[in-house]
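Step one of this worksheet: look at the structure below.
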Amino acid sequence: MAEVSELIKERRSKLEWIREAGIKPYAGKFLRSHCLGEAIEVGDGVKVAGRIMALRRHGKTTFADLRDRSGQIQIYVSFDLLGEERYNLFGKMDIGDFVGVEGEVFKTKTEELTIKVEDLTILSKSLRPLPEKWHGLKDVEIRYRQRYLDLIASEEVRKTFNLRSSLIKMMRQWLDERGFLEVETPMLQPIPGGAAGKPFKTHQDALGMDLYLRIAPELYLKRLLVGGFEKVYEINRSFRNEGISTRHNPEFTMLEVYQAYADYQDMMKLVEELIIHLAQKLLGGRKFAYQGKQIDLTRPWRRLTFRQALKEMYAVDIFSEEEDTKSLAEKLRRSGVKLKGEKVTRTALIRLLEKSLSSTSPAFVIDYPAFLCPLARKKDDKTAERFELFIGGCELANAYSELNDPIEQRERFEEQKLRDEENQLTDGDESQNPPDQTGSEEKKIDEDFIRALEYGMPPAGGLGLGIDRLVMLLTDSPSIRDVILFPQLRPEKL
RNA sequence: GCCCCCAUAGCUCAGUUGGAAGAGCACCUGACUCUUAAUCAGGGUGUCCCAGGUUCGAGACCUGGUGGGGGUACCA
């Protein structure tokens, strides 16, 4: 046990006092007549419980503020009503303690609704002091590590996580109403697929096999299209073993939607309608501020092709000559864009797009170079039917018309694998990663997925939407850590 | 991985040119039977993140580390 501060010793001695008085400081069930947020009137007899948030003692009377999930109310505790013994017991209460009280509602002379305490039950004694009431908890490390304190101290934080919960609930409802079926697919996958990204590796003892935490549910959801489900969605965690930033947490929550007989244009409509619906329900309108930027969700949302976007911003025409990652990189560098590696990755392009779309309201960047989208249907030789949605400078969604040609799918996988291996080789000089640790060796083609396509998959549109990022946008949160209850941090030394 | 910034009481923070560790809230003692950031009188409760170094003297300066934040890179 770590050293105990004076403040904790003080509270422990109160705890001992209570125990010696024959009272249990940690009670069991307490049946309430009301929540604190519920309407009550003068004269009502109520039985409520909550955490003591403030204490104002004046000798033989005390006022305290009691808070529960739904609200806060003042209680009035007096020597006359409780008697010496129990009033002294109340003297051992601290801010942070949970108590149950019973009594009649009245109004003080300042017209504040207050409960006159006739009976008092200690429900839980708090041994550590809460953060200060006026300035709250600002230390971000404590806020993330000890989220419970953050939730106690900040109304804003409570609102953010309430909104997150409502948003997911509404999203489910909206999709259910449109005939989508919610499904659950494996998070432990023998071959991780469906997205870029380095997976987390784990091992199952019973089968003696390595497994990976999924980087996306995509390939399993498409198997369900093969199986005859026409509209499916999944809302759950994916995991990527990569850098952590204000927009990336190693585990994050994504919505993926697949609709048979549809394409990426339908997905654009769907995501527009869904996000507007959520914003209107949760924020009451289509216009709001995100980090000082004005966001307007009024339709139609801007659409520009990937080619246009890069032409406008960097005067580079990606399709003017032979298109591959290296030549693209050269062209961009000639236009003054700073790039580190020899090649252009999808993320580098996203970053460029994010920068230039940072102050804008929603924009769909459509028709990506096909070599960046191995799972998307080609529009023509060079482009794929794919879009990414940017709002407030953040990539929020990604969708395409799904490739359902099994032979082409295999070729695209093979091309991708080759490209990866080349990249591994060129990177090898700089990064000095031993090849067996980079994960390239583990990149396998999901043969069962191809087999499923060979049985026949209907044409379909598919969409992935980052729920954490959407919550960031709607709660004006600057970091993804502000919308994930327990973001990933290094272990604390206790 | 690299670059920059931060770490002082339970919380929020100040700490000058290197010269006796501070404030508000919280807490403790006492007073007080309608307060509400209660008030009044008194009390500082500390591993100044850790380990070295410079110095007569380090919270401050130097080196290394730990944790956090921001940026950047990686993210078919």
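We did not get these values from a lab; they are worked out from the coordinates using the rules stated. As the structure is a computational prediction, the values presented were derived from the model and not from experiment. Glycine also receives a Cβ, built like all others from the backbone with ideal geometry; neighbour counts cover every protein chain displayed.
Couple of notes before you dig in:
- For q = 0.07, 0.08 Å⁻¹, Debye-computed log10 I/I(0) when each Cα of chain A counts as one equal scatterer: -0.53, -0.65
- Relative contact order of the stretch A:131-254, pairs being alpha-carbon contacts under 8 Å that are 6 or more residues apart, as %: 18
- Here's how it looks for residue A:376: its modeled amide H is under 5 Å from those of A:403, which are all 5 or more places away or on a different chain.
- Protection proxy ranking of A:70-77, A:176-183 - average other beta-carbon atoms within 10 Å, highest first: A:70-77, A:176-183
- The stretch A:1-45 and the stretch A:90-109: distance between their alpha carbon centers, rounded to Å: 10
- Helix axis angle, A:346-356 relative to chain A longest principal axis, alpha carbon, degrees: 70
- Gyration tensor (Cα) of the stretch A:208-309, equivalent ellipsoid semi-axes in angstrom: 29, 21, 15
- Theoretical ellipticity at 222 nm over chain A - DSSP helices of four or more residues, -39500 (n - 2.57) apiece, nearest 500: -10500 deg cm²/dmol
- Counting 0.36 nm for each residue step from residue A:67 to residue A:209 and taking away their Cα separation leaves a gain of 46.1 nm.
- The phi torsions of the stretch A:36-44, fed into the Karplus equation with coefficients 6.51, -1.76 and 1.60 and a -60° offset, translate into couplings of 5, x, 6, 5, 10, 10, 4, x, 5 Hz, rounded to whole numbers, with Gly and Pro shown as x.
- Cα extents for the stretch A:100-147 along the principal axes, largest to smallest and rounded to whole angstrom: 42, 27, 13.
- Relative contact order %, chain A, counting alpha carbon pairs below 8 Å whose residues are six or more apart: 12
- Among the lysines of the stretch A:2-130, pairs that are 8 or more positions apart or on different chains and have alpha carbons within less than 12 Å of each other number 6.
- Per-residue ³J(HN,Hα) for the stretch A:65-76, Karplus 6.51 cos²θ - 1.76 cosθ + 1.60, θ = phi - 60°, Hz, x for Gly and Pro: 9, 10, 10, 10, 3, 9, x, 9, 8, 8, 10, 10
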